[in-house]
Structure formats: structure tokens, C-alpha cells
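Below is one structure, written out as C-alpha cells; the observations come after it.
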Amino acid sequence: MRWIAGIIGTRRGVRARTVQLVAGMGAAAIASSAATTACAQERAPAPSAAEGDVANAERLLARGERDAARRAAAAVVSRLAGSSRAVDQIAVGRAYVVMGDAASVRSALSAFDAATRTDPSNPEGELRAGNLFLDKYNAPDARVSFNAVLKAHPTNARAVLGLARVEDFENKGNALATTQKALTLDPALVEARVMLARLFLEAEQYDSAATHARRAIALDSTSLPAWSLLGAEAWLTGDSAAYNTARAAASRLQPRPSDFLVEIADAAVRTRRYAEAVRLASQAVAYDSQSVRALGVLGTNQMRLGQTAEGQRALDRAFALDPFNLWHKNTLDLLDRMKTFKTVTQGRFVLVAPADEADLLALYLVPMLDRAYDSLSVRYGFRAPTPVRLELFSRHADFSVRTVGLAGLGALGVSFGSTLAMDTPSARDRGAFNFGSTALHELTHAFTLGASEHRVPRWMSEGMSVLEERRYGQGWGADASLEYLTAFARGQLRPISQLNEGFLHPRHPEETGFSYYEASLFCEMVEQLKGAKALPAMLVAYRDGLDTPGVFKRVLGMTPEQVDAQFELWTRAKFAKPLAAAVTRDSTVVSDFVKTMRTAVALSGEGAAPANRDSIRALFERALSMFPDYAGPDGPAWHLARLAKERGDNAGALVNVSRVTLGDETAWDANVMEAELREAAGDDAGAIAALQRLLWISPYDVTLHRRMATLATKRNDHALAVRERRAVVATNPADLADARYELARALAATGDVTGARRELLAVLEQAPSFEKAQALLLELRARAGAPR
Amino acid sequence: MGVPEVAGVGMRVTTRATRFRTRTGACVGAAVLAGVLALTSHAGVAGAQATHVFVVQGLSGDPKFRKQFDDATAEVVGAARKKWSVQNENVVVFAEEADAARGIQRASREGIAEGFTALSRRVKPGDMVLVLLMGHGSGEGPASKVNIPGPDATAADFATWLSGFSKQTVVFVNAATGSGDFVPVLAAPGRIVVTATKSAMERNESVFATHFAKALAGDESDSDKDGRVSVMEAFRYATGETARAYTSTSRLQTEHAQVSDSVLARRVAFGGATSNDPRVGALIAERQELEASVAALRGKKASMETDAYERELERLLIAIAEKTKAIRAVGGTP
């Protein structure tokens, strides 16, 4: 466990707080934060002699001459420490910032605070304190500082810009609007232009990003952040001439252009080009081995490529240089915890998971992913680099840290190419997700990212992943919900041509889920209209550097507007029935489907009269006819299944419960019912299929494994029985000896006498009196022909 | 430690030392206690040791808890009578309501005290006493108590009542909530104290009693498959299943059981078959020697080549299996 350094706000006695992630906050936030000090330096009041000295130290630091900068800064501190003049105190604070170690950071804050106390009318100390807080990832205290400035100086553009940075850091509010407000107050504020360029770059609005970067350069041609962002935009759009111009300019400002390269590396990360990010960050570190930002980008992305040891080394160095960095601390702590994890290597896959779950999860995940790998290879004409590394975390916070360095990420899984990470089923409540479909989803990303050389936009990659989920497993993948169709009918979904915004900037919590499903429908439409080769061709087009309109034109022969129109028509046709009866365009009008369901549910509540049951059933059947694919736990099919079971109509129950399990990948209760009904009906194969679906939701119930093993043995499917007996053992049941004995029996039934013998010896080694195992050992010996 | 030299029907005591004594040529007594054969060489008399079961169900406060306590009691009493061959008169049950037809006495403080007094008169040196408490706990330290009708019974009360059992091995299980402080008050040589919680402050609803009763009564907890359930096996089973119950429902575990003497808890066991047939006794003795050889071989595992180890292990296990077959063949229970 490492301790995170904290800045103590001496005026408020507030220690740096733990930063909680909100979606979208991450490396970009650090980058934005790291730039703040430099920005603030350039807006200092008119220089005194002391300021001239400290400005020189800052210039040396900006050029990458760290040692000379520190010497110059130390001289300033030595000369001015103890001065009671505010201007000197600010100079001392700036000098401490240049020195940069943890103690100096705290001294810098004290100096800025002292300046504010000395001259409360001068906002400089408070502004610099705010920027320093933000530099050290303490947004709440930064906000307090900026608000304090604005209280006394309501039109202070730098304070407004500071608030914009806080909003961006916390992903709250509207950083773009706040930055524009700062520019309104001071159109010559270079840092505000840089901030706008960064925000537009993150939003993948590259033209706007370049425009604002150029405006910043027009105001100040020595702005290294502006040249770096212009270079990043050029790199992302493949404009090599503009890139070279920007790099040359940056190199004039910083001869060993570490900051420029790490900005490009960050841009590569944002577009999921992790290998290129590592290459660029490595160059940045080679130029400046003390660049925390470069070391952080390097280490984080080495880990994303599965280079865990190298990544840890880089992050260790970064954290030693900047002990305030919560991202790096969290990741290093997680790596410590992961030392207890178990690694299972099978063929093309390396599975890393908590030791008590690794064997169990590998039993299901590796064979499924192996089959999927083969079919995806054929479909996309590309083989994802192997080994594919899948990391699983039984604490969702650990998964979140693995992904973005902070707790709070809402996702279930992530793909960095051939390194995948996800929650174990135990990380969430049972029924919260399906770990099989999640793993398949992430594996599909490994193919779509790889085939496009990581240039496919997120919306398209997500759409293909969801489509592959639906293709693979019964009920897997998102399906049309009432909420989705309602949003469609009311024109609340984004058109396909703007769907990336649904992922990057969702307007409401549901929009992300809607966007996944919409993207998958688009992929489905493309396959239907253009054939199976169209989706791989789109990946190739992205790989060739085309943007989305270019890809549409080359592969689909359509403009974005035509694609949007086509998709609208296709969706209307596909969901004609539920769109007619289940949803309304007018939010004040309740649909026939909803009215019918409400009536049926109200009538079927506790104490419903038996006489009503037929009419209740009729209502649910009517609702079902309006929206046959509604598979949720509150849908008509599930109600009808339960009603049928209650009246002993097992056949009717089976028909309806199958509708639910066909359409809902997390339908625990429905699959339990289906397994029971099919087993009772003698449909062992069907019962096994239902049990398997349950295991993809939660594999921890040992009784399910035993049931499945028994059914498999009954059907002479001994291989399946062996898998299930292995699963029982992997759950570490109370009676482990008996579980291993049963595994030995199953192995023996497959003819694997050697494996059976190995299990028996292991059991009897610990429990030599175990009579059943003794008998089987004798039986195997006899079967092998040994003398008795 | 107060470990009795004679293992009797029902609760058993096994030690590695006694097993080795067997290997040095102990004779077999007229009655054979499977798995604890060595001890008969010292006793020479079958059935010299008896097991006594003393169950106290506290106030339930809710029909759900009442059923839990009743079910756990039924499990333990049923196992005592059927699997451990405990005599009816050696089973005493107290509950919040007396039921003469079922031989259940009211769990008042005075009644329990009288029950212990009566039991102290019945027991013989070397006997085993299993005390099982269930219910809701309160208080702290020596004043920790199990809530019963009328004045509650405190840890100090039980310490007083058990003071007359210094020549017996006592397994005292307080499976009530908030029972943790019973351990320091009741721990004593020759006595194993098990509590459902680690402190008096863990007072939320507990599932330990259910799992501990199941462990005593069932076969799943018998991890070494020797036909007996040691207190440690039962404890491990119950703590494992308790943890699983919380994990499977995504709840934070609010009870953490503890055991006072894990060494003794490994030695003291319940169950095991008996036979008066000297042929069976001889075969069991031979098998136990082989089992001891397996234990000795395990100790050498790290220093042996895997193949050689497995060959020798298999040779011994086959020999054990043959002995088991032979015991069955002469009508014995292995």
C-alpha cells in the first residue's frame, strides 16, 4: 500500500481529497491539469526583478532543462524566503513549483497563501494556489480558490478558466461554455484558446481543435501546449506536413520535445491506439526521464498492452516523482493486489483472475472465447494478436482502476486490443450482467480494433461487438426495449452519422445504452443490405485512413445523410408492429401496449380472484401480440409463463418462458423455470441448455453444476460431465474430497483412466479412509489389468 | 490438556501420538472403535466413555428463528442418537417452551443450572459433553448472556456450571449472536469453546448455528472421510458455509466464528462405527497402520521424486482399499 501525498490548504485546513472518477475523466484530465501551471505562469503581473529570475527558471523548465531550472529556482527561494512582500512571496511560490518535489509543492502553496494574506486585493496568489491544487489533482480546493477570486474580481478571466478546468477535470458542468465565457472576458487569453483546442480534440472535432490551436499560436507563438495540440490534431487526421511543422515549432521551444510527444501519445490513447501511444511515450521519456506525464502514459499503456512488468516500472518511477498522483497510486496498489491472482494459460488465452475464481471462470470462458476467436477470424479476415490476455476482477473498483486508474467506471468490460479486462460475475449482484456475452463483446473489439489498426471509431466497434453477442448466444446482446423504441419514435436518438456523440457525450444516462443497441442495429442492417463482407470492408476502409463519411461512401456507396435515412426506414420496418402498438410519438399519450400491461398487472396483484385469471391471461396475451419480442422480467411472456405454471400448464409455461430466455441474457428466474420444466418433461438437452445460460449469469451455485453433471452423465455426454465436475471442484465446496471423487468418476467414464487415477490419488492422499474412492481406485486398477 | 485416554461411542478423540502407539504393537480390545483403535489398548473396556448432549435454545423472538433453532436441535439430537449412538438419557434439551412429550425442558436459568448439576452426577471421568447454545446474545465480557425466559444465563453462569466437569472433555458451542466474549470466560484445559461471533458486538442475525448443526449431523463436513466429524472439521465446514451464505447474497459478513483450542478441536471427534468382531478389529488395526504409513509418506513428499512418491502412495492406498474390502467381506463396517 502506498500513501498518496496531499496538499494541505492551510487556510482551510483541507487535505487533498480522494478524487472519484466520473465518466470521461482520466488521462486527458491529467494532461489538462498538468498544463495549468505553465498557463498561469504566462499571465503573471508585470515582472519585478525577482519575477524576472523566477520567470527564467520557468523558461528553463519549459525548455526541459530541469537541473538548471531547479538551480535557478533554488536561488530565488534562497534570496527571497522570509520576505514580507506579496510579490516576493508569489515569486517564491513559483520557484517552489519549478522545484517540483512534494515538499516544494507544499511550500509553494504556503507561499501563495502568504501572498494572499499579505495583499488580499491581489488575486495572483489565490489563482496560483488554485492552479497548483488542480495540478495536484485536488479539484475541490481548486474550485474554492477560483471562486474566492471571482467573489472579489467577478470578471477575472483566469479564474473563470480555472473553473472550466475544474469542470473538465470532474466532468461536471459545461467546461466548453465556461471556457468560452473566459474568452469573452479576455479574448487574448491564450490558455483559454488552448483549452478550447483540447476540448474539441477530445470531442474528435478536429477542425475546431485546429482552429483554436492556431488562434492560440497567433496570440503567442511560444505556446508549447498550442503547438502540441496542433500536432496532435495533425497526427490524428494524418496531415504529416502540419504535424512536421508543429513538431519543428515545438522543438524550437523545447529542444528535446517530450511535452509535444506526450501530447501526441495522449491523442493516440484517446483513439485507442495504445501501441503507438507506448512508442510515443517511450520517446518522450527518452527525452525527459523525469516527465511524470510521459512516464504515466507509458506505464498505463504498457499495462494495456499486457506488458505489466514494464508498466509497473514506469508507474513506480512516475509515482516516486509525483506522489500526489492518485491514478498512479491506485494502479500500483492494484498491481500489488494482483500478485495474489492466478494465471491460467490455455492455448491462445491467458486468463488472470482472483485465485479463488480463476479455475472456475476459465472452464467456461476459454473454450467459448476459443471458438469465438476462430469464427471471428473467418468473419473479419483478421487474426487478433495472441495471446489474448483476459483480466478479471472480483471488485468492480479494481476493474475500474485497471481501466482508467480510478474507481467509479460504469462499464463491465474493456478491450485494449488483445488485452481485455472485465468484472467477474461476483463483482456485481447476480443477474446484473452476463459474463459470457461481456467477454465475447470485448474479444470482438480485439478483432475490430486490430483489423482497422485501431482506427475504427468507438460507435462502430461497439455496434459490431453487440452484433456478435447476438450472433453467438441465445438471448445474448441487447434487444429492443420499450424505452429504446419510444426514444426512436420520438426522434430522441442520434442519427447514425452522429452516433459517436452518443458514446462520447451522452445527453442522459440511458443514451449510452441506446447508442450501443443502435450501433448494433446499424451493423445488422449493413449485413442485411450489403452482405457479410461489408462490415470487414468498413474496418479495412478505416484502417486505410478514411473518416466515417469516406467509409460510408467507399463501402456502402452512400452519403451520411443517405445512411441516416436508410437506417430510419429499416428500423421502422423491423419494428413495425411494436412501433404501431407499443409506443407513441406523443409523450402525453399512453400506448395500447402499456395500458394493457398496466391493467393486467394491476389485476394480477396479490389476492387476485381466480375468476379473473382467464381475463388476466387474455390481457397479457394481447400485450404479447403487440410486442412479441418484449423479453424483460416485467414483460407479458414472463407473466404468462408464471400463470401457466401456476395452473399446471407446463407446456404453456415452457412456450412463454422460452420467449423470455430467448431475449434476455440475464433472465435468472426464467432460466431456472425453464430448466425445471424441461427436466420434468424429460428434455435433458433443453434443461442442460437452460442451466448453461444460468451459469453464464452466475457460475457460483454448486447445485447447478451438480445438476448439469448428472444430466450430462445421463445423456452419456461425459465430456460435459467432466467439465461440470471440474466446476464443482473449482467452487471449493465443503466436501472437496467427494467433489474430486465425482470428478474421478466422470473422468473414468470418458476413458481417461490416468486423469481419474490422478484425482483419486490426490483425494486419498488426504482422506485415505474414503471408501468410495478406494473402491474406484481398485476398479480402475482392475480395468487397467493390474493384478489385484 | 484433559484429553481422555479412552475414546468411546459417539464423541471421539484421536491423536497422531496414539496412532503411532498402535503401530508399536498395541493389542486390540474386545470392542473396536473404528479409527481410534489405538486408544482401546489403554482402556481395554468397550464403552467406558459416554457422550452427553446438552442443548439450550434461547428465546427466538420470531417464528423464523424458532424454526431455525428447532431444526438445528433436531439435526444434532438426531445425529447423536442415530450416528453417535448416544443414549436417550444422555440427551438433554432446553427450549423457550417446555414440551414433556418430546422431553424438552423450559430453558430457565434455574432449570439449566439444575440440568448441569444432574449431568455432573451422571458423567464419568473421560466422558464427553457437548453443550450447544442457540439464540440471541447480549451483554459483554463475563456478563455476556444468552437470552432465555426469565433471568438470562451469563457466560459467568456457564463457567460456574461447567466447573464440575474438569475430568470430562467439554465441547461448548455458543452459536448465539454476540457470543464472542464467551471464549475468554469459558476457555479451560480439556475444553473447546466455539462461538458464532468474534465479539459481543456482532449481534446481527446469525446463520452459524444452522451450519454447525449440519456439520455435526452430515457427512460433507467429514473432510478426511474417516467416518467421524472432528470439532475442527465441523467448525471449518460451518465457517465456510457461513461465509458462502453471505457471499452468495452479496452481503457483508457480520459474524465471524472462533474456536478456543484448535489443537484439541482436531482431536475431538463425533461418530464412527463400532464392532465386537475381533477379525474386524484386526483388519482395522492393519488398515490404520497403512494409513499411518500414508501420513508418514506425506511428510516425505517434498523430498521425494514425484513418480516414486506416487508409486508408493498408490501401493499403500491399494493396500488400504483391499483392507476395507476385507472388512466388508467379514461383515464389518470400515
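The numbers here are math on the coordinates, done by the rules we state, and not lab data. Keep in mind that what you see is a predicted model, and the values were worked out from it rather than measured. Cβ sites come from the backbone with ideal geometry, for glycine too, and all protein chains shown count toward neighbours.
Bridge orientation summary for chain B: considering DSSP beta bridges with both residues in this region, about 35 percent are antiparallel.
If R0 equals 35 Å, the separation of the Cβ atoms of B:Ala101 and B:Ser262 corresponds to a calculated FRET efficiency of about 0.30. The stretch between A:Ala680 and A:Ser289, if pulled fully straight at 0.36 nm per residue, gains 133.9 nm over its current Cα-Cα span. Sequence-ordered 3J(HN,Hα) estimates for segment A:485-498 from the Karplus curve with 6.51, -1.76 and 1.60 and θ = phi - 60° stand at 5, 5, 4, 4, 4, 8, x, 9, 8, 6, x, 3, 5, 10 Hz, glycine and proline given as x. Between the helical axis of A:326-338 and the longest alpha-carbon principal axis of chain A there is an angle of about 40 degrees. The equivalent ellipsoid that matches the C-alpha gyration tensor of the protein assembly as shown spans semi-axes of 65, 39, 31 angstrom, in descending order.
The distance between label points at A:Lys595 and A:Ala248 comes to 7.3 nm (points 7 Å beyond Cα on the Cα→Cβ vector). Rounded to whole numbers, the Karplus 3J(HN,Hα) couplings from phi for segment A:288-305 are 9, 6, 10, 7, 4, 5, 5, 5, x, 5, 4, x, 4, 7, 4, 4, 5, 8 Hz, using 6.51 cos²θ - 1.76 cosθ + 1.60 with θ = phi - 60°, and x at Gly and Pro. Panel note: the C-alpha atoms of segment A:123-263, placed on their principal axes, show extents of 46, 28, 25 Å (largest first). If the limit is 19 Å between Cα atoms, which of A:Lys772/B:Lys300; A:Lys772/B:Lys82; B:Lys145/B:Lys214; B:Lys82/B:Lys214; B:Lys124/B:Lys167; B:Lys67/B:Lys198 go over it? Table pairs above 19 Å Cα-Cα are A:Lys772/B:Lys300; A:Lys772/B:Lys82; B:Lys145/B:Lys214; B:Lys67/B:Lys198. Could you tell me whether segment B:45-179 comes out rounded, prolate or oblate from its Cα gyration tensor? Rule is a ≥ b ≥ c as square roots of the eigenvalues, rounded for a/c under 1.5, then prolate if a/b exceeds b/c, otherwise oblate. Because a/c hits 1.5 or more and a/b fails to exceed b/c, segment B:45-179 counts as oblate. When the square roots of the Cα gyration tensor eigenvalues are ordered a ≥ b ≥ c, the ratio a/c for segment A:708-763 is 1.5 or more and a/b does not exceed b/c, which makes its shape oblate. For B:Arg121 and B:Lys301, a Förster radius of 45 Å and the Cβ-Cβ distance give a FRET efficiency of 0.35, rounded to the nearest 0.05.
Projecting label points 7 angstrom from Cα along Cα→Cβ for A:Ala784 and A:Asp544 puts them 6.2 nm apart. Summary value for segment B:187-281: 39 percent relative contact order, contacts being C-alpha pairs under 8 angstrom separated by 6+ residues. When you restrict to C-alpha pairs under 8 Å that are six or more residues apart and normalise by the size of chain B, the relative contact order lands at 19 percent. Take the Cα of B:Lys167, step 7 Å toward its Cβ, do the same at A:Arg572, and the gap between the two points is 9.8 nm. When only Cα pairs below 8 angstrom with a gap of at least 6 residues are kept, chain A shows a relative contact order of 7 percent. Averaging the Cα positions of each part gives two centres, and for segment A:371-419 and segment A:213-236 these lie 34 Å apart. Residue by residue along A:756-769, Cβ atoms of other protein chains within 10 Å of the local Cβ number 6 on average.
FRET efficiency for the pair B:Arg315 and A:Ala309, taken as 1/(1 + (r/R0)^6) with r the Cβ-Cβ distance and R0 = 35 Å, rounds to 0.20. This ranking places A:His454, A:His508 by how few other beta-carbon atoms lie within 10 Å of each, fewest first, which gives A:His508, A:His454.
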